[in-house]
Amino acid sequence: MATATANYKECINACNDCLADCLACAAEMIGEETTNDCPKCCLECAAICRACVEVMAIGGEHAAALCQLCSEVCQYCAEQCSAHKHKHCQQCAKSCRHCADTCQAVAA
């Protein structure tokens, strides 16, 4: 299990960063007028990132499959947030893209 956890370290860090930025973005966007799925997608992305971290931390059997899903959710969230010019949305999109890339590497 220690080896699996060590292999997941970069992805766990990316997921934790994405989780924090998604929650921050969602908090800023609650009540704001929006024409897309932000902040709802931020909350969904945060939940998936949290689950991904927990499964990777224990070296779970389904970590790769969950990372694949996390990558897809992060890509979608990045698209939604990057459509907004707010600083928190741009930061969220950046974190989501990085998380999507690291999760995709684990899933491969």
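Values in this text are rule-based calculations from the coordinates and carry no lab data. Keep in mind that what you see is a predicted model, and the values were worked out from it rather than measured. Counting neighbours? That spans all protein chains shown, and the Cβs are built from the backbone with ideal geometry, glycine included.
The angle between the Cα long axis of helix 40-57 and the longest principal axis of the Cα atoms of the chain comes to about 10 degrees, rounded to the nearest 10. The residue 20 and residue 62 beta-carbon pair, evaluated with R₀ = 30 Å, returns a calculated FRET efficiency of approximately 0.80. Relative to the longest principal axis of the Cα atoms of the chain, helix 87-107 runs at roughly 20 degrees. With a threshold of 23 Å on the Cα-Cα distance, the over-threshold entries among 9/85; 40/85; 9/94 are 9/85. With the simple spin-label model, which puts each label point 7 Å out from Cα in the Cβ direction, the residue 44 to residue 69 separation comes to 1.2 nm. Under the convention that each Lys and Arg Cβ holds +1 and each Asp and Glu Cβ holds -1, the size of the dipole of the chain around its Cα centre is about 200 debye. Estimate the FRET efficiency between residue 36 and residue 101 by the formula 1/(1 + (r/R0)^6), using the beta-carbon distance for r and 30 Å for R0, to the nearest 0.05. Rounded to the nearest 0.05, the efficiency is 0.85. Helix 63-82 axis versus longest C-alpha principal axis of the chain: approximately 20°, rounded to the nearest ten.
All Cα-Cα separations within the chain were binned at 10 Å from zero, giving a P(r) of 19, 49, 23, 8, 1, each value a whole percent of the pairs. Estimated from helical segments only, the mean residue ellipticity of the chain at 222 nm is -27000 deg cm²/dmol, where each DSSP H run of four or more residues counts as -39500 (n - 2.57). In this simple spin-label approximation, residue 85 and residue 10 carry label points 7 Å from Cα along the Cα→Cβ vector, and these lie 3.5 nm apart.
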